[in-house]
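Notes to accompany the following structure.
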Amino acid sequence: MPGSLNDINVLNQSPIFTALAKGRTAPVNYTINGHRYTMGYYLADKIYPNWSTFVKRIPRPLGAKGKYFASKQESARKDVERAFGVLQSCFAIVYGLVQYQDEETLANIMKACIIMHNMIIEDEGALNLGFDHEREVNSFISVSHGEIPKLHDFLQTHNRIRDKTTNSKLQEDLIEHLWEQYGNE
């Protein structure tokens, strides 16, 4: 239906979060300020919900730590948006409507555009940014192809993805960690 594919509806049908809820993603484990986390997170803006998988900018940060975190989070999020903008400006297919493409085709289109962009940069002699492409390309992630979790496990993980308490704690931990590591610079 026209207008039904707004950001939140698309998010609720996202294959990324469905795969995560079904246990079909690579394991993620990290500790920040002594707190253990088992799901990765995405940098997001204010329109996204307060899920444990999103770290949003603080709208009106108080204190030096909050302001520092807000500026760094926004900077990183903008870097990702700029990178996608570069692909959109180079390849019209990325910019255009994708409603008639299936998920696998879209993934292949994006991979092809990224590969072509990297080939163009390499051909034009890009700056050495200290990124070891060979190491990154040759490092593999082990993915489990076990049985689909039972409904109880699926619902439990689904609820963990949308946990607002974990969202708040993760953001607090990231603020403290970032301040401890870089706040005096």
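Can you list the lysines whose alpha carbon sits under 26 Å from that of Lys150, skipping same-chain ones fewer than 8 residues off?
Lys22, Lys164
Please work out whether segment 1-94 counts as rounded, prolate or oblate from its C-alpha gyration tensor, where a ≥ b ≥ c are the square roots of the eigenvalues and a/c under 1.5 means rounded, while otherwise a/b larger than b/c means prolate and anything else oblate?
Oblate.
Please give the net charge around Leu43, taking every other residue with its beta carbon less than 14 angstrom from that of Leu43, where Lys and Arg add +1 and Asp and Glu add -1. Spell out each step's value before the answer.
Values: positive: Lys46, Lys56, Arg57, Lys72, Arg77, Lys78, Arg82; negative: Asp45, Glu74, Asp79, Glu81.
Charge balance near Leu43 sits at +3.
Quick one: which residues, 5 or more positions from Phe54 or on another chain, have an amide H under 5 Å from its amide H? H modelled 1.01 Å from N in the peptide plane, none for Pro or chain starts.
Tyr42
What's the carbon and sulfur percent of segment 12-59's accessible surface, probe 1.4 angstrom, rounded to a whole number?
Carbon and sulfur together cover 53 percent of it.
Through the Karplus equation 6.51 cos²θ - 1.76 cosθ + 1.60, θ set to phi - 60°, convert the phi angles of segment 172-181 into ³J(HN,Hα) values in whole Hz; use x for Gly and Pro.
So the Karplus estimates, Gly and Pro as x, are 4, 5, 5, 4, 5, 4, 4, 5, 4, 6 Hz.
The values are calculated or read from the model by the stated rules, or taken from the named source; none is laboratory data. Treat the numbers as computed from the prediction; the structure is a model and nothing was measured. Here the Cβ is made from the backbone with ideal geometry for all residues, glycine too, and neighbour counts use every protein chain on show. With ligands, DNA and RNA removed, areas are computed over all heavy atoms of the protein, side chains included. Shrake-Rupley method; radii C 1.70, N 1.55, O 1.52, S 1.80 Å.
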